[in-house]
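*Asks:* One structure is given below, represented as structure tokens, and several questions about it will come after.
Every read-out reported here was derived from the displayed coordinates using simple, explicitly stated rules and does not represent laboratory data. Being a predicted model, the structure only gives us computed values, none of them experimental. Positions of Cβ are generated from backbone atoms using ideal geometry, with glycine treated the same way; all protein chains shown enter the neighbour counts.
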Amino acid sequence: MTISGDDCALPVVVGDDDSVSEWGLTIRDWFAAKALTGLLADSQQAGSPQEFARIPYQHADAMLSAREAK
């Protein structure tokens, strides 16, 4: 199964027919949030808010590429 960065990170199964309702964060957003948490946990990290917004998505894109390459 191919998973893209636009797929829902935490899909929810609803209803009697086990249909999947996709809402909320995408996998790309989920990966970026995890990368941002790591960046912010390092008190030695310096940068502008714009850099802290951009860099986690670069890491998320790299993680998605690595998933496709496996």
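*Asks:* Nearest 0.05, what FRET efficiency do K34 and E68 give at R0 = 22 Å with Cβ-Cβ as r?
*Replies:* Once the sixth-power term is evaluated, E becomes 0.75.
*Asks:* Can you check what the net charge comes to around Y57, using other residues whose Cβ is under 10 Å from the Cβ of Y57 (Lys, Arg +1; Asp, Glu -1)?
*Replies:* 0
*Asks:* Taking 0.36 nm per residue of separation and subtracting the Cα-Cα distance, what length does fully extending L25 through S43 add?
*Replies:* Taking L25 through S43 to full extension adds about 3.8 nm, to one decimal.
*Asks:* Peptides 31-41, 46-56: what's the order by average Cβ count within 10 Å, highest mean first?
*Replies:* Averaged packing, sorted descending, gives the order 31-41, 46-56.
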